[in-house]
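Novice: This is the structure I want to talk about, given as structure tokens.
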Amino acid sequence: MKFQLLILLLSTIAITGYSQQKNKSITPSSWIGKIKMGDANPELVFNIFRDSLGQLAGHVGIPSKGIQGIPLSKVYINQDSIFLEISAAQASFKGIFENNRNTINGMWTEPQNTTALILEPLTKEIDYDNFKKENTSSLNLALTNPHFNFYSEEEDKNVLEDLSKTLESNYLRITKDMQTSFISKIDVFIYPDLKTFHIAINFPNTPDWVVGAASKNELKMVSPLNPGSEHSYESLMKAIVHELAHTIVLNFRKQGLVGLPNWLNEGYAYYEAKQINEAQRELVHKQLLQNRIPSWDELEKANTVQFGDINGYPTSATIIEYLVESYGLAKLKQFIMEPESVEKIYYTSKEDLEDLWLNDLKRN
């Protein structure tokens with residue numbers, strides 16, 4: 001599952017910032033505030049300045065995720081109010097200046113989530129590359145291995161050895177596939193039941209088939225000992241590899257997930273986790289014969305629940321299979337990093353590449 005929070009959605013793609021108010025200035029130009037997202041409390045850092053044309057512009061960063069320099073698509077100040085927007089992440093902040101303009105009291109809004117956010121002047125140096133993360137969950141460190149730290153309740157410690165072996169072996173395989181490495185260990189949080197897990201990822205009403213989530217250097221999942229109605233112990237062992245693939249993408253794709261098509265992100269994770277089975281292949285084939293197979297555009301526009309409903313995961317995995325078998329892993333990594341450069345990478349248009357995939361499905 002894609003962890004649909006700002007910490008994953010932010011991108012460094014170029015977006016032109018603008019303001020309808022040229023004469024109003026704000027001091028200081030750097031602001032920081034903490035937001036509540038499930039059991040995480042990331043700080044957001046906003047830097048606001050004037051561009052070469054004298055218009056207000058800015059960017060935002062998340063120190064705990066090593067994300068910085070994300071352009072704001074809008075910076076608008078009108079007397080005592082301020083509006084900041086990141087259009088590519090469908091996120092925005094609207095606030096009111098208070099305390100002699102030394103505090104901004106407002107609301108942060110993103111898909112499926114609105115939360116209070118109070119910004120104050122930034123008075124400390126931020127080291128994005130070596131920012132120390134805090135464990136804000138109630139889970140305790142229970143096991144560590146060469147590349148992972150595992151946090152869990154006491155009753156879930158029995159599953160950690162299996163998870164450790166599964167993640168360690170797949171870490172070595174996938175990082176080799178993608179020619180990447182990590183500078184620090186990945187934290188893995190195991191929650192005792194679905195309700196606790198869904199609250200932790202800030203999606204309390206999400207379907208039972210949502211059992212895992214990933215962000216940069218962090219994995220979250222429900223315990224394989226208590227997988228719920230839609231999964232089993234075995235499928236959870238594959239689900240955690242799926243989330244690991246997401247984290248590896250976030251490790252080498254410095255701009256986060258904005259600009260990365262949903263089918264490319266989820267299809268790659270499904271492919272690396274070897275989750276597609278014969279029953280799912282038969283369903284994809286049936287959709288193909290009935291002319292109901294979702295297009296790449298439909299897969300890209302679907303939200304998490306819709307993506308599952310239209311059989312998006314196995315369908316997307318067949319796209320990745322075709323790309324890997326036809327062009328290799330090196331080009332796939334390049335495509336993940338630069339999905340807008342499809343013609344440069346594959347020497348054909350996106351539409352023609354989609355047709356080639358469909359023709360391959362029909363032949364097979």
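Novice: Scan the range 306-319 for residues that are crowded, with 20+ Cβ neighbours inside 10 Å and aliphatic (A, V, I, L, M) and report the count.
Specialist: Residues in the range 306-319 being crowded, with 20+ Cβ neighbours inside 10 Å and aliphatic (A, V, I, L, M): 2 in total.
Novice: Please specify each residue of the range 28-62 satisfying the condition of being touching an Asp or Glu at 6+ places or on another chain (Cβ under 6 Å), surrounded by 21 or more Cβ atoms within 10 Å (Cβ to Cβ) and under 21 Å from Thr123 (Cβ atoms).
Specialist: Residues satisfying the conditions do not exist here.
Novice: For the range 325-356, name all the residues that are acidic (Asp, Glu) and either closer than 26 Å to Val210 by Cα or not in a helix (DSSP H, G or I) (or both).
Specialist: Within the range 325-356, just Glu338 meets the criteria.
Novice: Determine whether Tyr322 is at pLDDT 95 or above, assigned to a helix (DSSP H, G or I) and open to solvent by 10 Å² or more (accessible area, probe 1.4 Å).
Specialist: Yes.
Novice: Right, next: Scanning for something in a strand (DSSP E or B), touching a Gly at 6+ places or on another chain (Cβ under 6 Å) and touching a residue at least 12 places away in the same chain (Cβ under 8 Å), does the range 220-228 turn up at least one residue? Give the steps one after another, and end with the answer.
Specialist: Of the range 220-228, the ones in a strand (DSSP E or B) are 220-222.
Imposing the further condition that a residue be touching a Gly at 6+ places or on another chain (Cβ under 6 Å) reduces the set to 221.
In the following step, the residues that additionally are touching a residue at least 12 places away in the same chain (Cβ under 8 Å) were identified as 221.
So far as the range 220-228 goes, yes, one or more of its residues are in a strand (DSSP E or B), touching a Gly at 6+ places or on another chain (Cβ under 6 Å) and touching a residue at least 12 places away in the same chain (Cβ under 8 Å).
Novice: From the residues in the range 261-305 that are open to solvent by less than 60 Å² (accessible area, probe 1.4 Å) and among the hydroxyl-bearing types (Ser, Thr, Tyr), which one is farthest from Ala317 (Cα to Cα)?
Specialist: Thr304
Novice: Scan the range 330-364 for residues that are open to solvent by 80 Å² or more (accessible area, probe 1.4 Å) and of a type in the set (Gly, Ala, Ser) and jot them down.
Specialist: Ala330, the sole residue that qualifies.
Novice: At pLDDT 90 or above, part of a strand (DSSP E or B) and of a type outside the set (A, V, I, L, M, F, W, C) - does that describe any residue in the range 52-74? Let's see the steps before the verdict.
Specialist: Residues of the range 52-74 at pLDDT 90 or above: 74.
This time we only want the ones that are part of a strand (DSSP E or B), so: 74.
If we keep only those that are of a type outside the set (A, V, I, L, M, F, W, C) as well, we get 74.
Looking through the range 52-74, at least one residue is at pLDDT 90 or above, part of a strand (DSSP E or B) and of a type outside the set (A, V, I, L, M, F, W, C).
Novice: Return a yes/no flag: does the range 165-176 have any residue that is acidic (Asp, Glu) and under 30 Å from Lys331 (Cα atoms). Reasoning before the result, please.
Specialist: Going through the range 165-176, the residues acidic (Asp, Glu) turn out to be 168.
Filter again for under 30 Å from Lys331 (Cα atoms), leaving 168.
The answer is yes, given that some residue of the range 165-176 is acidic (Asp, Glu) and under 30 Å from Lys331 (Cα atoms).
Novice: Does Ser215 satisfy the criteria of being at pLDDT below 90 and of a type in the set (Gly, Ala, Ser)? Full working, then the answer.
Specialist: On the way: at pLDDT below 90: yes; of a type in the set (Gly, Ala, Ser): yes.
It is true that Ser215 is at pLDDT below 90 and of a type in the set (Gly, Ala, Ser).
Novice: Would you confirm whether or not the range 147-164 contains a residue that is farther than 30 Å from Ile70 by Cα, in contact with a Phe, Trp or Tyr (Cβ under 7 Å, 6 or more places away or on another chain), assigned to a strand (DSSP E or B) and at pLDDT 95 or above?
Specialist: Checked against the condition, which is being farther than 30 Å from Ile70 by Cα, in contact with a Phe, Trp or Tyr (Cβ under 7 Å, 6 or more places away or on another chain), assigned to a strand (DSSP E or B) and at pLDDT 95 or above, the range 147-164 yields at least one hit.
Novice: Please verify whether the range 78-93 includes one or more residues that are open to solvent by 30 Å² or more (accessible area, probe 1.4 Å) and in contact with a His (Cβ under 9 Å, 6 or more places away or on another chain).
Specialist: Step one: list which residues in the range 78-93 are open to solvent by 30 Å² or more (accessible area, probe 1.4 Å), which gives 78-81, 83, 85, 87-88, 90.
Filter once more, so that each one left must be in contact with a His (Cβ under 9 Å, 6 or more places away or on another chain): none.
No - not one qualifying residue is present in the range 78-93.
Novice: Could you figure out which of (1) at pLDDT 95 or above; (2) part of a loop (DSSP other than H, G, I, E, B) isn't true of Ser181?
Specialist: Status for Ser181: all satisfied but (1).
The values are calculated or read from the model by the stated rules, or taken from the named source; none is laboratory data. This structure is a prediction, so every number in the text was calculated from the model and none was measured. Quick reminder, even Gly has a Cβ in these numbers, built from the backbone with ideal geometry, and neighbours come from all protein chains shown. These area figures cover heavy atoms from the full protein model, side chains too; ligands, DNA and RNA do not enter into them. Shrake-Rupley method; radii C 1.70, N 1.55, O 1.52, S 1.80 Å.
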